[in-house]
Each structure stands twice: as structure tokens, then as C-alpha cells.
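All of the numbers you see were taken from the coordinates with simple rules; none came from a lab. Computed from a prediction, not measured in an experiment: that's the story for all the values here. Every residue, glycine as well, gets a Cβ built from its backbone with ideal geometry; the counts of neighbours run over all protein chains shown.
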Amino acid sequence: MNGLGANQQLPGSGSIAILGAGSLGQLWAGYLPAGSVAFVPRPTPEKEPGASLAYRLERFDGSVRPVSVPWLSVAAAPPSLLLVTTKAGDTLSALEPHLPDLPQGAPIVLFQNGMGSQQSVAERWPRQPVLAASTTEGANRPEPGYTVHAGKGETWVGALTDSATPLLRQVVNTLAASGLTVHPEADIHQRLWDKLLVNAGINAFTAILNCRNGDILNHRFYLEHIDNLCEEIAAVMNAEDCQPLAPHAIRQRIEAVARNTANNTSSMLSDRQQGRTTEIDFINGYIARQGQARGIRVTVNQMLTQQVQQLSADTKAGEPSNHTRPGAS
Ligand code: KPL
């Protein structure tokens with residue numbers, strides 16, 4: 001930590017730009033102080049300059065408030081802080097056109113699921129202050145124009161590039177002005193892995209089996225593969241210098257979350273149902289790539305990655321998306 005006072009603000013305009021106006025982006029925009037936030041338009045010509053995104057936000061306490069957030073380009077209104085809430089696979093291409101206009105010292109906070117996209121951004125812009133956030137806040141949009149803060153969670157933020165380290169406290173304070181719980185995290189790599197291992201043990205199974213989180217636990221396909229999956233995760237975590245975790249402890253963590261979120265539709269199943277690209281390449285796909293590069297056996301991660309990729313390809317080719325994979329019955 002840099003010893004800066006709790007009230008210290010980020011330099012510049014003090015405004016916050018959010019790239020990615022999905023559920024999570026809308027959640028932060030709705031809780032951050034009104035007037036301090038703008039959404040950054042993606043290349044969509046239909047958005048007129050000065051237009052706003054209006055929606056209703058159902059807060060966790062049940063109150064519903066109207067929210068209106070302007071669309072402002074980074075060039076027109078250089079922000080003091082940029083939050084990126086796009087899907088993992090879109091992050092680099094979404095950021096690319098805006099970086100030339102972003103003030104050099106303005107921190108970028110990456111909220112992506114999984115692992116790999118955050119590191120790609122830090123490698124692409126090593127001199128920019130880049131931070132990653134790991135959040136357990138849950139939001140969804142049951143209908144257009146209506147966003148629900150469905151799960152009260154916490155957010156941990158940590159530096160990925162050297163120039164981000166002295167700004168960590170200010171970034172945390174700025175985000176905490178939302179009223180959401182935000183912590184500085186000295187070891188964001190470990191924190192991201194803690195979430196990754198849970199997603200690696202739940203998301204693909206739910207997408208393949210077309211079921212809610214809790215329903216995987218008694219499914220034959222899950223029971224057949226979970227122990228080998230946890231062995232692979234433990235080996236790759238070890239190779240990545242994470243805190244050592246035994247395979248049975250990994251399984252316990254996965255199953256505790258699956259039970260606590262038993263009625264949830266996972267983000268991956270939801271992506272599959274909506275015909276969106278899933279984040280499999282940044283979850284089991286990431287673990288498979290890291291394992292392969294180090295000569296670690298990762299056959300279950302590879303199998304889950306391939307099955308989810310195949311389901312998405314089938315959906316795009318017009319095949320029904322509500323079936324499970326043949327080997328998964
Ligand atoms: O983070 C999740 C996700 O769906 O991506 C879990 C923990 C599986 C909760 O649904």
C-alpha cells in the first residue's frame with residue numbers, strides 16, 4: 001500500500017468510464033455516484049453523441065431506481081478510471097481503439113471472468129496502470145431495461161502492472177464510493193485462481209448437462225470426471241506458484257459453491273442458452289493450455305473445453321441448443 005489518505009482522489013476529471021454495458025457494467029454504473037460515470041460506446045454507429053443508456057436497477061435491498069448513464073467516448077471525456085466489464089474474449093479488441101485516447105496515468109480495472117484475458121491486456125500495455133478485479137457480486141437482466149443486483153458479494157482489486165501498485169488504494173476508494181464492498185488485494189493472481197478453480201469445476205458441467213449449478217453434483221458425468229479434474233487443477237496451480245491445494249480440498253470448494261448457488265444458472269449455461277460465445281477458453285481452456293505448456297496431463301480440462309466449444313458450434317450451425325452432449329448422459 002502507498003500510505004495515501006483514504007480521501008485521496010484519482011488525478012484528472014474524476015470521472016469513471018465503463019467499457020461493457022452488460023449486467024455487471026450496469027450494476028457498477030447504478031451504484032457509483034450519479035453523474036460520475038459514463039459508458040464507452042463500442043463501435044456501434046447507431047449511438048448518437050450525447051445519448052444515454054436508461055434502465056431500472058433493482059438494488060440488493062429490493063428498492064428500484066431509475067439510472068441514466070451517458071455514452072461518452074474516451075476521446076471526448078478522458079476519464080480518471082476505466083472499468084472494463086466486457087466478456088473475457090472481447091477485452092483486447094474492445095480496449096484497442098480507446099487506449100490512444102486514455103490519459104497515460106489512468107488506471108484500467110479488468111473485471112473479466114477466468115484467466116488469461118487480464119494478462120493479455122497487461123502485456124499489451126505494460127506502462128499503463130492495469131489492475132484486475134475478482135468479484136462475487138451477481139447481477140442479471142431478466143428483461144430489457146431492468147437490471148437486478150441478485151447476489152450481494154465482495155470485490156477484490158489488485159495490480160497487474162508496476163505503475164498500478166501505487167494507485168491501488170485510490171482505485172479501491174473510488175470503487176468503494178459505490179457502497180459495494182471493495183478490498184485491495186496484494187496477490188490478485190491467487191485471488192483470480194481461487195475463483196477460476198470454482199468456475200472450472202461448475203461452469204462447463206452445467207453448460208454440457210444443461211442444468212443448474214446444484215444439479216451437477218449427482219450427475220454421473222460429473223462424478224466420473226471431478227476427481228481427475230481436481231488433480232489437474234491442483235497440478236497446474238502448483239506449477240503457477242499458487243498456494244498448494246490438495247485435489248480433495250479443490251473438490252470441497254467446488255461443491256460448497258455448487259450447493260450455495262444450487263438454483264443458479266451459471267454464466268456459461270446462460271451464454272449457451274442465449275447463443276453467446278462462452279468463456280470456456282479462459283476457464284478450462286486456460287488451465288488446459290497452461291498444463292500442456294508444462295507437460296502436465298490435462299485431459300479432463302481439454303475434454304470439457306472441446307465439448308463446450310462443440311456445443312457452441314452446433315448452436316451457431318442452427319442445431320437445437322437444449323440438448324446435452326452425447327457422452328454426458
Ligand atoms: O461464478 C459463477 C458463474 O456462473 O460464472 C458461479 C460461481 C458458478 C455461480 O453461478
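Scoring 158-164, 251-257 by mean Cβ neighbours within 10 Å over their residues and listing the highest first yields 158-164, 251-257. Once both labels are positioned 7 Å from their Cα atoms along Cα-to-Cβ, the gap between Gln243 and Thr277 label points is 3.4 nm. For the chain, the Kirkwood estimate of the hydrodynamic radius, built from every pair of different alpha carbons, is 20.6 Å. What does a probe at Arg141 reach in region 68-112, counting residues whose amide N is under 19 Å from the point 7 Å along Cα→Cβ? Only 68-73, 83-91, 94-95, 111-112 fall inside the zone, counting backbone N under 19 Å.
Can you say what percent of the DSSP beta bridges in the chain, counting only those with both residues inside, are antiparallel? Round to 5. Antiparallel bridges: around 45 percent, rounded to the nearest 5. When both region 10-81 and region 242-273 are represented by their alpha-carbon centers, they are found 31 Å apart. Under Stokes-Einstein, with the Kirkwood radius over Cα pairs as Rh, the value for region 167-292 at 4 °C and 1.567 mPa s is 82 µm²/s.
Computed FRET efficiency, Cβ-Cβ of Ser13 and Ala293, R0 41 Å: what is it to the nearest 0.05? The computed FRET efficiency comes out at 0.45. Candidates Asn199, Met268, Pro244 compared by Cα position along the dipole of region 190-316: farthest toward the positive end lies Met268, with charges placed on Cβ. About the centre of its Cα atoms, the chain shows a dipole size close to 300 debye [charges on the beta carbon of Lys, Arg (+1) and Asp, Glu (-1) only; nearest 20 debye].
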